[in-house]
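Structure, as structure tokens:
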Amino acid sequence: MTAEIAASLDVRPEVKAFFEPRTCSIQYVVADPDTKRCAIIDPVLDFEPKSGATSTGSADDILAYIEQQGYSLEWILDTHPHADHFSAAGYLKDRTGAPTAIGEKVVEVQKLWKAFYNWPDSFPTDGSQWDRLFADGERFKIGNLDVEVMFCPGHTLCSITYLVGDAAFIHDTLFIPDGGTARADFPGGSAKALWHSIQRIMALPDDTRLFVGHDYMPGGRAPQWESTVAQQRRENTHLVKAATEEEFVALREGRDRALPMPKLILNALQVNIRGGRLPEPESDGKRYLKIPLNVFPNVPWGD
């Protein structure tokens, strides 16, 4: 941990969570209480797979909250291209003009999924769908708050954590302790890389607030999204069972083999690697999703 990170942990940003029940996703507004400037992290564009209908209710609720609080939106941030919901980053940029950002390794994810969808060479895999691509250790501001980017691959090739004062937005690396850790079997995922990313997060001070990207409410409890480093070390069901890298990789890979494929992955990735934008309208003015058939017949989560 750098001295700059240690100093920033004395700063406590305001954090508001928005739980989206259909996909069990958590969206965040993180704000500087002094300047009233804020960022949105991992916003959801609503999608009904049975009808193909999209809507903006979840994103509009966030904008209404920002207006109510008197905040000024400075950033729209993604932690990674999500496999279970559409990102509303594109919609929010169009509504507000605020810049969008993601980790720089997203270009590797774009290359992977461009091949799966057999998209033409004209589709750019340079991350230009976002306004800024962050490198590991890069710093930027939300108002007067310093933000540091931590590269945390494993769940995906390009996952990042945003460290804002005493708050870390850790996406799908860890869940709330009774939920364990995130799967690592997507294309480009790695249980070994996930272990090292978790260790990096666990090296933060004990009282660092950790905000997760999903909560699947084990045992039917109410949704939760906030824990601490100390709590995760003490209680996380996977970390308690697997104290070494070898044990963790065996546990994670074994669990991943038993998990079903996310219902929306083939829909969501073609939107989310475009920066949260739907495909362009075709000649009839309508937009279409493209679903590749038999691309993953031998992958466990494709069964």
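Data for the structure
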item	result
Strands (runs of 3 or more DSSP E) enclosed by the stretch 164-233 - at least 3 residues per element that are under 16 Å from the mean Cα position of the chain (by Cα)	167-171, 209-212
Among (1) closer than 25 Å to A167 by Cβ; (2) surrounded by fewer than 19 Cβ atoms within 10 Å (Cβ to Cβ); (3) in contact (Cβ under 8 Å) with a residue 12 or more places away in the chain; (4) within 21 Å of the chain's Cα centre (by Cα), the one test that R12 misses	(4)
Which listed residue, of D131, D172, D178, D121, is under 17 Å from V229 (Cα atoms) and either of a type in the set (K, R) or surrounded by fewer than 20 Cβ atoms within 10 Å (Cβ to Cβ) (or both)	D178
Count of the stretch 72-89 residues which are buried (at least 21 other Cβ atoms within 10 Å of the Cβ) and either within 29 Å of P260 (Cα to Cα) or over 20 Å from the mean Cα position of the chain (by Cα) (or both)	12
Close pairs from the stretch 261-272: first free of Cβ contacts under 8 Å to residues at least 60 places away in the same chain and under 10 Å from H85 (Cβ atoms), partner of a type outside the set (F, W, Y) and buried (at least 18 other Cβ atoms within 10 Å of the Cβ), Cβ under 9 Å, at least 6 apart	none
Of all residues making up the stretch 257-276, the number that are part of a loop (DSSP other than H, G, I, E, B), of a type in the set (D, E, K, R) and at pLDDT below 95	1
Single condition G275 does not satisfy, out of (1) free of Cβ contacts under 8 Å to residues at least 12 places away in the same chain; (2) on the phi > 0 side of the Ramachandran plot	(1)
Looking only at the stretch 120-144, and only at residues there that are touching a residue at least 60 places away in the same chain (Cβ under 8 Å) and assigned to a loop (DSSP other than H, G, I, E, B), the one that is nearest to Q270 (Cα to Cα)	Q129
Test set (1) closer than 28 Å to F47 by Cβ; (2) within 20 Å of the chain's Cα centre (by Cα); (3) surrounded by 11 or more Cβ atoms within 10 Å (Cβ to Cβ) - Y288 fails condition number	(2)
Meets criteria (more than 26 Å from A184 (Cβ to Cβ) and either part of a helix (DSSP H, G or I) or touching a helix residue (DSSP H, G or I) at 6+ places or on another chain (Cβ under 9 Å) (or both)) for P153	no
Inter-residue pairs, beta-carbon under 6 Å, first within 10 Å of P43 (Cβ to Cβ) and in the stretch 57-77, second at pLDDT 95 or above and of a type in the set (D, E), 6+ apart	S58/E20; S58/D46
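Quick grid of which residues meet (1) in contact (Cβ under 8 Å) with a residue 24 or more places away in the chain; (2) surrounded by fewer than 16 Cβ atoms within 10 Å (Cβ to Cβ); (3) within 30 Å of L92 (Cα to Cα):
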| residue | (1), (2), (3) |
| --- | --- |
| A191 | yes, no, no |
| W195 | yes, no, no |
| I198 | yes, no, no |
| A203 | yes, yes, no |
| E226 | yes, yes, yes |
| E235 | yes, yes, no |
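The values are calculated or read from the model by the stated rules, or taken from the named source; none is laboratory data. Not measured: the values here are computed from a predicted model. Cβ coordinates were reconstructed from backbone atoms using ideal geometry, including for glycine residues, and neighbour counts include every protein chain displayed.
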